[in-house]
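The values are calculated or read from the model by the stated rules, or taken from the named source; none is laboratory data. This structure is a prediction, so every number in the text was calculated from the model and none was measured. With ideal geometry, Cβ positions are generated from the backbone for all residues, glycine too; neighbour counts draw on all protein chains shown. Just the protein is used for accessible areas: all its heavy atoms, side chains included, with ligands, DNA and RNA removed. Shrake-Rupley method; radii C 1.70, N 1.55, O 1.52, S 1.80 Å.
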Amino acid sequence: MGIQGMELFAIGVVIILFVAVLKQFGILEPMSLEDSSDSDLELSTVRHQPEGLEQLQAQTKFTKKELQSLYRGFKNECPSGLVDEETFKTIYSQFFPQGDATTYAHFLFNAFDLDRNGSIRFEDFVIGLSVLLRGSVTEKLNWAFNLYDINKDGYITKEEMLLIMKSIYDMMGRYTYPSVRDEAPSEHVEKFFQKMDRNRDGVVTIEEFIETCQKDEEVTRHTWDQ
């Protein structure tokens, strides 16, 4: 896998795997406009009640009826109105039973947990989903950068990228054909930094990340035209 393939793998997997899991577990069903009223989000006795539709419409690229449909699916899977990390890990472990998805699920959970309180609200979920499904290339790359910036200091280090890459290989890499060598994640991270770290200071900024990805037309095209 060359540098372009590595970048495609590292960035595109965020969308592809997450959307696949949503569909597999019935959270992201086809947006049905039938049986949707014009009332606000239907609320039951839940631990967390989401913000109003108008506010969520302003924050996302979903219509009112799409938000209603998404909320019904979310509430069906998460009656409390909140998703904790263990639930996230359980979903991924069921979807990738032959690998260890625990670490990747942890990183992805943290990317959705916007207020860092240990749970994902419907608002967090739908805002992230809007970016992944309907955001611009720049918005998606910003979201991906946030995933790889594990400590949220505004930079991606080699160590952080290696942790993400290893978590992806733990989840699915060992079961690819041909099999992946143990040193492959480290080699891919080195290639990533050679291309991304333009000023050779040992970290990748959001500007370097977005500029490099956008200039690589093949990565951009294949990553976001899924």
Quick check: anything in segment 116-129 of a type outside the set (Asp, Glu), farther than 30 Å from Lys65 by Cβ and either open to solvent by 80 Å² or more (accessible area, probe 1.4 Å) or assigned to a helix (DSSP H, G or I) (or both)?
yes
Counting only residues in segment 96-112 that are more than 18 Å from Ile156 (Cβ to Cβ) and over 11 Å from the mean Cα position of the chain (by Cα), the one modelled with the highest pLDDT is identified as Thr102
Looking across segment 154-169 at residues that are surrounded by fewer than 19 Cβ atoms within 10 Å (Cβ to Cβ) and touching a helix residue (DSSP H, G or I) at 6+ places or on another chain (Cβ under 6 Å), the single one that is nearest to Thr102 (Cα to Cα) is Lys166
Any idea which residue in segment 36-70 is modelled with the lowest pLDDT, counting only those that are among the small types (Gly, Ala, Ser) and under 19 Å from Leu82 (Cα atoms)?
Ser44
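State yes or no: is Asn146 closer than 30 Å to Pro97 by Cα and at pLDDT 85 or above?
yes
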Give me the pairs: first residue in segment 61-74 and under 14 Å from Leu129 (Cα atoms), second residue among the charged types (D, E, K, R) and open to solvent by 10 Å² or more (accessible area, probe 1.4 Å), beta-carbon distance under 7 Å, and six or more apart or on different chains, which are they?
Lys61/Arg134; Gly73/Glu29
Members of segment 132-153 found to be assigned to a loop (DSSP other than H, G, I, E, B), open to solvent by 20 Å² or more (accessible area, probe 1.4 Å) and either within 12 Å of Ile206 (Cβ to Cβ) or not aliphatic (A, V, I, L, M) (or both), listed by number:
Ser136, Asn151, Lys152, Asp153
Kindly check whether there is at least one residue in segment 63-74 that is in a loop (DSSP other than H, G, I, E, B), out of contact with any Gly (no Cβ under 8 Å at 6 or more places or on another chain), hydrophobic (A, V, I, L, M, F, W, C) and buried (at least 17 other Cβ atoms within 10 Å of the Cβ).
no
